[in-house]
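What follows is a set of notes on a single structure, which appears directly below.
The values are calculated or read from the model by the stated rules, or taken from the named source; none is laboratory data. Remember, it's a predicted structure, so these values are computed and weren't measured experimentally. FYI the Cβ positions are ideal-geometry reconstructions off the backbone, even for glycines, and counts take in every protein chain you see. All accessible areas refer to the heavy atoms of the entire protein, side chains included, with ligands and DNA or RNA removed. Shrake-Rupley method; radii C 1.70, N 1.55, O 1.52, S 1.80 Å.
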Amino acid sequence: MKMPGLVKGLAVTLGTMGRRSVTQQYPDVKPELPPRSRGVIALLEENCTVCMLCARECPDWCIYIDSHKETIPATTEGGRERQRNVLDRFAIDFSLCMYCGICIEVCPFDALHWSPEFEYAELDIRELTHEKDRLREWMWTVPAPPALDVHAEPAKEITAAEKAAERARTARGGTA
Ligand code: SF4
Ligand code: SF4
């Protein structure tokens, strides 16, 4: 015999009435998220060399970077002046971002990191584009890297010459 819809509904209600509630009273009760949750992308501005790799690889084109060149005077007499990129704007539009993490993976200078922070909802979608100052603030919520495996090789000190070589390689488009 087919059970009428109302009786079926009441049966479900009665069946669940005795069970313990699993509802969390957010925001009074914060959810317990895994420490490596993909909440938001944080920027360590000091590490960014404006190489543009993240913006180029982002599938959603939601990273906006502006910069200008600055001339660094020669440090020795007869030496050559050098130029470096200065970051003017770094913004991510989180209304477009799909949290794929490609930008974090491709950054050669560890300037981008996942933060578990997730409380940045806005009423206006246009407010979801966050600029470098806000992205920098989220760096304080990035968990420390996990300890190295006991069998791993000890971390190697990177010399200034190696860093310069890596920068030059990135500027050439990642070719060796
Ligand atoms: S997580 Fe993916 S979609 Fe979001 S900014 Fe990075 S590359 Fe773009
Ligand atoms: S890939 Fe890293 S260093 Fe290059 S522009 Fe993006 S954040 Fe800056």
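Quick look at the numbers
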item	result
Inverse mean reciprocal Cα-Cα distance (Kirkwood Rh) of region 125-167, Å	14.5 Å
Cβ charges +1 (Lys, Arg) and -1 (Asp, Glu), total dipole of region 53-176, debye	700 debye
Acute angle (nearest 10 degrees) that the helix 160-171 long axis makes with the longest principal axis of the chain, alpha-carbon atoms	70 degrees
Distance between region 1-26 and region 98-176 - C-alpha centres, whole angstrom	47 Å
Dimensionless Rg ratio for the chain, taking C-alpha atoms and the 2.2 N^0.38 Å reference	1.56
Given charges at Cβ of Lys, Arg, Asp, Glu: region 75-132 dipole, positive-most of Pro108, Ala91, Thr129	Pro108
Under 14 Å from the Cα of Lys163 - aspartates and glutamates, other chains or at least 8 residues apart	Asp110
GNM flexibility winner over the chain from Lys163, Lys30, Lys132 (Cα, springs under 10 Å)	Lys30
Value of Rg/Rh across region 85-176 [Cα atoms, Kirkwood radius]	1.03
Residue-by-residue Karplus 3J(HN,Hα) for region 84-95, coefficients 6.51, -1.76, 1.60, Hz, glycine and proline x	9, 7, 10, 6, 9, 9, 9, 9, 10, 8, 6, 7
Computed FRET value (nearest 0.05) for Arg136 with Ile102, which takes r as the C-beta separation and R₀ as 30 Å	0.90
On Cα atoms only, tilt of 5-17 relative to the major axis of the chain in degrees	70 degrees
Relative contact order computed over region 1-119 (Cα-Cα under 8 Å; 6+ residues apart), in percent	33 percent
The chain - percent of accessible surface contributed by carbon and sulfur, probe 1.4 Å	56 percent
